[in-house]
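K.L.:
Here it is: the structure, laid out below.
The values are calculated or read from the model by the stated rules, or taken from the named source; none is laboratory data. Not measured: the values here are computed from a predicted model. Here Cβ is always computed from backbone atoms with ideal geometry, including for glycine, and neighbour counts include all displayed protein chains. When the accessible area is computed, the model is the full protein with side chains, heavy atoms only, and any ligands, DNA or RNA have been set aside. Shrake-Rupley method; radii C 1.70, N 1.55, O 1.52, S 1.80 Å.
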Amino acid sequence: MNNPTNPQVPIIPLRGGAVFPGITTTITIGRRRSLAAAQAALEKGGDLLILVQYNAELEEPKAEDLAPIGILATVRDVLRAPHTGVQMLVDLHRRVRFSTLEEVDPHMVGMYDELEEGVDGRSNDTMVETIAYLEQYADTLGEANQQIIASTRVKETAGELSDFVAGLLNLPFELELELLTDLNGPNRLEKVRDFLKQELRVAEVRAKIQDDARAGADKAQRDFMLREQMRAIRKELGEESDDVVEQLRKKIAEAEMPPDVQERAAAELSRLEYQGPQSAEASVIRTYLEWLVELPWNIMTEDNLDITHVRQILDEDHYGLEDVKDRIVEYVAVRKLAGNKMKGAIINLNGPPGVGKTSIATSVARAIGREMERLSLGGVRDEAEIRGHRRTYIGAIPGRIIRSLRDAKTRNPVIVLDEIDKVGADWRGDPSSALLEVLDPEQNHSFTDHYLEVPFDLSQTIFITTSNQLSTIPAPLLDRMETITMPGYIEDDKLAIAQGYLLKKQLEGHGIGDLSVMIEEEAMRKIIRHYTREAGVRQLERSIGSIVRKLAVRVAGGTESPFTVTAEDITEFLGPEKFTYGMAEEQDEIGLVTGLAVNQFGGNILPIEVSLSEGNGRITLTGSLGDVMQESAQAALTYARANARSLGLKPKTFDRVNIHIHVPDGATPKDGPSAGISMATAVISAFTQRRVHKDVAMTGEVTLRGKILAIGGLKEKVIAAHRAGITTVIMPKDNAKDIPELPERVRQDITLIPVQHLDEVLKVALLSAEGTVFSVEEEPQPEQSLTVPQVKSGSGERPLHA
């Protein structure tokens with residue numbers, strides 16, 4: 001270190017950065033004291049000490065605010081420019097350490113000591129690496145200057161190269177201070193090299209981003225130019241198909257498709273652009289894209305979640321059907337609480353024709369404010385009807401599910417799959433198997449049609465299927481649906497429907513809705529009993545329509561309303577009675593029991609007759625009886641045999657009697673176990689010669705031990721008994737839980753007797769014996785003689801007789 005014998009020189013504190021020796025540069029002067037120092041240095045020979053202040057915000061820094069090592073420079077000139085202010089041109093020589101600092105108006109002056117830098121020689125590897133990084137950095141930024149690069153190659157030492165490169169770079173202030181105060185040249189060069197390496201990585205990433213953005217912009221511009229050229233070419237050729245492409249592009253943007261579907265649509269649109277309008281492939285692609293943009297990918301109707309309103313609409317449209325109505329109200333309630341988290345319902349309505357399965361589905365859609373689409377599946381045998389055809393086929397279109405959604409213009413409609421039990425299968429596929437995905441709430445959120453080949457969300461759709469029987473529906477498909485059974489209407493239900501709905505509908509349909517027309521209750525019951533035989537109300541509606549048409553003829557002829565139709569008028573309007581129903585017997589008889597039966601049309605009484613004749617124990621069963629009913633007769637007879645003595649009978653009597661069991665209306669097939677107690681009672685009545693109460697009917701299955709088991713259709717059977725004039729019904733005790741389902745007036749008029757054993761049935765149904773039990777005279781037995789075998793005695797034989 002030299003002695004501080006150097007003269008005082010002006011000092012300029014530099015803020016916001018540092019400078020390095022070995023170059024000539026300009027420094028902007030912004031403070032009055034700094035300008036005075038520069039002018040003083042210029043007047044005294046040009047020497048100037050440049051020091052770096054730590055805090056750039058200090059206007060008048062002290063010695064402790066300045067870095068101890070500065071740069072000794074020579075001021076070449078002070079320049080004034082209109083835009084950049086005052087600048088001084090300086091030659092930066094070397095590092096020095098300032099020793100004293102004095103405040104002399106109008107600027108600072110001080111003295112400095114010379115410094116001896118540490119070992120500084122050529123560090124070839126580091127210098128070459130630094131120069132290479134600098135060249136790459138300049139190329140990446142697009143600011144390569146061959147003159148500057150050449151200047152780096154002539155630097156002799158690592159310290160010179162580090163100072164030169166540091167002066168070229170925009171370094172962080174902290175790194176600039178480190179380089180300024182570090183007297184070790186190779187060490188400074190390593191720091192500069194490391195910074196360059198890092199900046200090169202950043203610059204490469206930034207350049208790549210810019211290149212990609214530029215390439216994207218260039219491609220968009222190129223595509224635009226090519227598209228404009230194609231438009232011009234097609235215009236010259238008279239082909240204006242580009243308008244179609246633009247319209248499809250706009251529709252795709254407005255369709256709000258899921259990302260994967262929109263990507264597929266964009267790819268197909270790109271293919272369409274390169275196809276000629278007369279190309280067959282262009283027609284296929286265009287049709288496909290039109291299907292995609294017409295589907296309601298993100299369109300949903302808002303549900304009416306007012307439970308009172310929903311119930312009111314359902315009650316307005318249909319009488320009864322409480323199970324179905326309750327299920328829909330439950331759906332609305334849960335949807336109100338859970339929102340879109342709840343999946344659509346999948347309900348199967350099973351019941352005989354005419355009970356309102358399809359019409360209640362329409363009411364469901366109206367009640368909750370949704371669109372409804374109906375698909376009739378009766379006779380469908382082609383799987384493509386459900387999933388669609390692949391686009392490789394000429395004339396291919398989507399399946400009926402997707403077409404229904406297109407027609408509904410919403411992705412949460414009510415879709416009615418009518419007659420699902422009549423779906424067929426042949427070599428073209430099995431539609432019921434295709435329905436497995438449609439009706440599975442765990443899968444239908446991504447239903448894929450063969451034509452579209454992209455998933456569509458069906459999870460918010462309500463599917464209501466209808467069927468007449470469950471046996472023909474495949475088990476996996478039936479398992480996916482919630483089945484609600486809709487039994488046939490009883491007479492009271494039909495009466496209410498006719499008076500509240502059908503009559504009004506027929507009057508309006510025949511143009512006399514404003515007239516006063518009344519069909520008396522007795523007349524309506526006569527229509528139901530004698531002119532219809534059905535589970536639903538279609539025949540009843542047609543009969544009422546026939547009456548209304550005849551009234552319309554009278555109105556057209558000048559007769560004025562009101563009109564009242566009585567029971568006596570029905571024969572005039574509808575002709576002779578078409579059907580009859582069973583009535584209670586007129587007197588108590590032996591071997592004749594009133595049983596009860598049920599079919600798809602409702603209930604009816606079932607007389608069972610037993611006749612005995614001398615014979616050899618043969619049993620004859622007539623009346624179109626099924627296997628189960630024949631077995632019930634065998635069980636009843638076995639019970640009578642086993643309990644013969646307790647019934648006052650001789651067991652041998654059964655071997656000498658032929659038994660004939662007959663159920664009238666022989667052309668009608670009959671089956672089921674519920675006539676068991678009726679047959680047993682009839683057999684025992686015939687053998688014991690005890691009459692059966694004419695006003696008692698019964699139903700129940702009997703076991704060999706006489707126990708009475710539960711049966712089905714109790715409601716319909718008891719109503720039939722009530723209609724026939726029966727006053728007492730014997731029923732299984734296990735069916736007592738079904739009594740509350742009976743109409744109130746039926747429960748008031750009929751005595752219901754639950755029983756557990758056949759003995760209880762006999763006590764109620766049979767009257768006291770008036771004579772002897774049925775018997776057959778025993779044939780006299782011939783006298784038996786004992787023949788003793790001949791015994792050999794000696795040489796002769798002698799017969800023995802007794």
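K.L.:
Could you check how much of the accessible area of the stretch 1-138 is carbon and sulfur, as a whole percent, using a 1.4 Å probe?
P.N.:
Here it works out to 49 percent.
K.L.:
Only helical DSSP H runs with n ≥ 4 go in: add -39500 (n - 2.57) per run for the chain, normalise by residue count and round the 222 nm mean residue ellipticity to 500 deg cm²/dmol.
P.N.:
Rounded to the nearest 500, the figure is -12500 deg cm²/dmol.
K.L.:
Do you know the relative contact order of the chain, to the nearest whole percent, from alpha carbon pairs under 8 angstrom that are 6+ apart?
P.N.:
Across the chain, relative contact order equals 7 percent.
K.L.:
Further question: Per the Kirkwood treatment, what hydrodynamic radius in Å, one decimal, follows for the stretch 503-602 from the mean inverse distance over all distinct Cα pairs?
P.N.:
Every distinct Cα pair counted, the radius reaches 15.5 Å.
K.L.:
What's log10 of I(q)/I(0) for the stretch 283-353 at q = 0.21, 0.23, 0.25, 0.28 Å⁻¹, Debye sum over Cα points only, no solvent?
P.N.:
-0.96, -1.07, -1.18, -1.31
K.L.:
Give me the extension gain from K44 to T472: residue separation times 0.36 nm, minus the current Cα-Cα distance, reported in nm with one decimal.
P.N.:
Extending this stretch completely gives an extra 142.5 nm.
K.L.:
Determine the relative contact order of the stretch 495-629: mean sequence separation of Cα pairs under 8 Å and six or more apart, normalised by residue count, in whole percent.
P.N.:
Reported relative contact order: 24 percent.
K.L.:
Taking the highest mean first, how do the peptides 688-699, 244-255, 288-299 order by number of other beta carbon atoms within 10 angstrom per residue?
P.N.:
688-699, 288-299, 244-255
K.L.:
What accessible area per residue comes out for the stretch 262-409, rounded to a whole number of Å², with a 1.4 Å probe?
P.N.:
48 Å²
K.L.:
Another question, then. Where a ≥ b ≥ c are the square roots of the eigenvalues of the C-alpha gyration tensor, would you call the stretch 155-276 rounded, which needs a/c under 1.5, or, failing that, prolate if a/b is larger than b/c, or oblate?
P.N.:
Prolate shape, in that a/c is at least 1.5 and a/b is the bigger ratio.
K.L.:
Using Cα atoms only, what is the angle between the long axis of helix 357-368 and the major principal axis of the chain, expressed in degrees (0 to 90) to the nearest 10?
P.N.:
With rounding to tens, the tilt is 40 degrees.
K.L.:
What percent antiparallel are the DSSP beta bridges of the chain, to the nearest 5?
P.N.:
Looking only at bridges with both residues in the chain, the antiparallel portion is about 60 percent.
K.L.:
Now, a different point. Report the local net charge at T358: Lys and Arg +1, Asp and Glu -1, summed over other residues whose C-beta lies under 14 Å from its C-beta.
P.N.:
So the surrounding residues net to 0.
K.L.:
Just the number, please: carbon plus sulfur as a percent of the accessible area of the stretch 343-432, 1.4 Å probe, no ligands or DNA/RNA counted.
P.N.:
The nonpolar share, carbon plus sulfur, comes to 49 percent.
K.L.:
Still on this structure, please answer the following. In whole Hz and in residue order, list the ³J(HN,Hα) couplings for the stretch 444-452 that follow from phi through the Karplus curve 6.51 cos²θ - 1.76 cosθ + 1.60, θ = phi - 60°; x for Gly and Pro.
P.N.:
Result, rounded to whole Hz: 6, 6, 9, 5, 10, 7, 4, 6, 6.
K.L.:
Along the Cα-to-C-beta direction of A132, a point sits 7 Å from the Cα; which residues of the stretch 184-199 have their amide N less than 18 Å from that point?
P.N.:
Output list for this probe position: 189-199.
K.L.:
Still on this structure, please answer the following. Okay, which of the stretch 477-509 sit inside 16 Å, backbone N to the point 7 Å along the Cα-Cβ direction of K737?
P.N.:
Counting backbone N atoms under 16 Å from the label point, the list is empty.
K.L.:
Follow-up question, since we're still on this one. What is the distance in Å between the Cα centres of the stretch 335-414 and the stretch 613-630?
P.N.:
Centre-to-centre distance over Cα atoms comes out at 51 Å.
K.L.:
Taking the chain as the reference, fit the longest principal axis to its C-alpha atoms, fit the long axis of helix 158-168 to the helix C-alpha atoms, and give the angle between the two in degrees, 0 to 90, nearest 10.
P.N.:
Rounded to the nearest ten degrees, it is 70.
K.L.:
Could you compute the net charge surrounding M342? Neighbours are other residues with a C-beta less than 13 Å from the C-beta of M342; K and R count +1, D and E count -1.
P.N.:
Neighbourhood net charge equals +2.
K.L.:
Further question: Hey, if we sort L458, L767 by accessible area with the 1.4 Å probe, largest down, what's the order?
P.N.:
Sorted by accessible area, descending: L767, L458.
K.L.:
Send over a whole-number figure in Å² for the accessible area per residue of the stretch 497-601, probe 1.4 Å.
P.N.:
For the stretch 497-601, the solvent-accessible area averages 53 Å² per residue.
K.L.:
On to the next question. How far apart, in nm, are the 7 Å Cα→Cβ label points at F173 and E236?
P.N.:
The two pseudo-label positions are separated by 6.5 nm.
K.L.:
Here's another thing I want to ask about it. Any idea how far the Cα center of the stretch 182-225 sits from the one of the stretch 443-516, in Å?
P.N.:
69 Å
K.L.:
Still on this structure, I have one more. Rolling a 1.4 angstrom probe over the protein heavy atoms, how many square angstrom per residue are accessible across the stretch 1-153?
P.N.:
53 Å²
K.L.:
Next question, about the same structure. If amide H atoms are built 1.01 Å from N in the plane of the peptide, which residues on other chains or at least 5 residues away come under 5 Å of the amide H of F456?
P.N.:
Distant-sequence amide H within range of F456: F447, T448, D449.
K.L.:
Another question, if that's okay. Over the stretch 310-399, what is the relative contact order in percent, taking alpha-carbon pairs closer than 8 angstrom and at least six residues apart?
P.N.:
Result for the stretch 310-399 is 26 percent.
K.L.:
For the stretch 534-583 and the stretch 291-333, write down the distance between their C-alpha centroids in whole Å.
P.N.:
36 Å
K.L.:
On full extension of the chain, what length is gained from A217 through S433, given 0.36 nm per residue of separation minus the C-alpha to C-alpha distance?
P.N.:
Computed gain between A217 and S433 is 72.7 nm.
K.L.:
Semi-axes, largest first, in whole Å: what does sqrt of 5 times each Cα gyration tensor eigenvalue give for the chain?
P.N.:
They are 111, 38, 28 Å, listed from largest to smallest.
K.L.:
Round to the nearest 10 and give me the degree value, 0 to 90, for the angle of helix 259-273's Cα axis relative to the longest principal axis of the chain.
P.N.:
80 degrees
K.L.:
Checking a compactness column here: for the stretch 582-624, what do you get for Rg(Cα) / (2.2 N^0.38 Å), N being the number of residues?
P.N.:
Expressed relative to 2.2 N^0.38 Å, the Cα Rg reads 1.47.
K.L.:
Find how much the distance from Q600 to E156 grows on full extension, using 0.36 nm per residue of separation minus their present alpha carbon separation; answer in nm with one decimal.
P.N.:
Gain on extension, Q600 to E156, equals 148.6 nm.
K.L.:
Mind jotting down a quarter of the surface of the convex hull over the alpha carbons of the stretch 385-497, in square nanometres, one decimal?
P.N.:
9.2 nm²
K.L.:
Ignoring ligands, DNA and RNA, please state the percent of accessible area on the stretch 490-583 from carbon and sulfur, probe 1.4 Å.
P.N.:
Here carbon and sulfur together make up 48 percent of the probe-accessible area.
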